[in-house]
Amino acid sequence: MKIYTKTGDKGSTSLIGGKRVPKNHPRIDAYGTVDELMAFVALLRDQEVIEKEWKAVLAEVLDRLMSCASILAADCDDCKVKLPTISSADIELLEHQIDKMDAQLEPLTSFVLPGGHQAVSLCHVARTICRRAERLAISVAEESPLPENVIKYINRLSDFFFTFSRLLAKNLKIEQIPWKPKV
């Protein structure tokens with residue numbers, strides 16, 4: 001199988017189910033954003049400061065994001081391909097990880113400015129791409145059915161990345177700079 005098919009040379013591509021759409025179609029934008037998120041999650045996972053336990057969690061996140069992308073790429077009532085799912089257990093796993101991290105952190109009293117270490121900044125990049133993916137998935141869901149757990153998972157994942165950024169900053173002894181609005 002060749003990597004190039006030449007079928008997209010005129011600006012269209014196929015969704016799972018066979019429907020051809022322009023490459024700027026909302027579904028393409030949504031799953032393309034999830035793909036972008038995956039690349040940054042992989043880059044975060046590859047950082048030397050990420051402990052083995054968290055590398056495993058991030059590998060699971062990558063797997064679930066691939067499922068989200070597959071679901072977003074499907075536009076068929078009766079797909080001949082069996083699609084992966086996002087389960088309540090996937091969302092609960094993120095919530096468990098968030099709670100576990102929160103238990104190690106001081107209560108948040110203000111917004112914090114991103115940065116201080118490359119891994120911390122990558123968490124914030126992942127968080128913001130996650131929010132964009134969520135907005136795009138909501139747009140897709142407004143036009144055609146989308147399993148609600150996809151949006152829930154992406155929403156919870158952005159919370160995970162924010163909390164993970166705080167945990168990394170704490171563990172790396174990076175000062176979190178509180179945002180103080182100049183009013």
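The values are calculated or read from the model by the stated rules, or taken from the named source; none is laboratory data. Keep in mind it's a predicted model, so treat the numbers as computed, not measured. As a convention, Cβ positions derive from the backbone with ideal geometry for all residues, glycine included, and neighbour counts pool all protein chains shown.
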Within segment 122-168, tally of residues that are basic (Lys, Arg) and touching a residue at least 40 places away in the same chain (Cβ under 8 Å): 4
Condition check for ASP63: in a loop (DSSP other than H, G, I, E, B) and either at pLDDT 95 or above or of a type outside the set (Gly, Ala, Ser) (or both): no
Residue, modelled with the highest pLDDT, within segment 129-183, restricted to residues that are part of a loop (DSSP other than H, G, I, E, B) and of a type in the set (Lys, Arg): LYS173
Long-range neighbours under 6 Å by Cβ, at least six apart or interchain, first residue small (Gly, Ala, Ser) within segment 64-76, second assigned to a helix (DSSP H, G or I) and surrounded by 19 or more Cβ atoms within 10 Å (Cβ to Cβ): ALA69/TYR31; ALA69/VAL34; ALA73/TYR31
Residue in segment 21-40 that is under 19 Å from LEU136 (Cβ atoms), of a type outside the set (S, T, N, Q), modelled with pLDDT of 95 or more and not in a helix (DSSP H, G or I) present: no
Residues of segment 89-114 classified as surrounded by fewer than 15 Cβ atoms within 10 Å (Cβ to Cβ) and either at positive phi or not charged (D, E, K, R) (or both), total: 11
Count - residues of segment 36-58 that are surrounded by fewer than 18 Cβ atoms within 10 Å (Cβ to Cβ) and either of a type in the set (D, E, K, R) or over 15 Å from PHE161 (Cβ atoms) (or both): 9
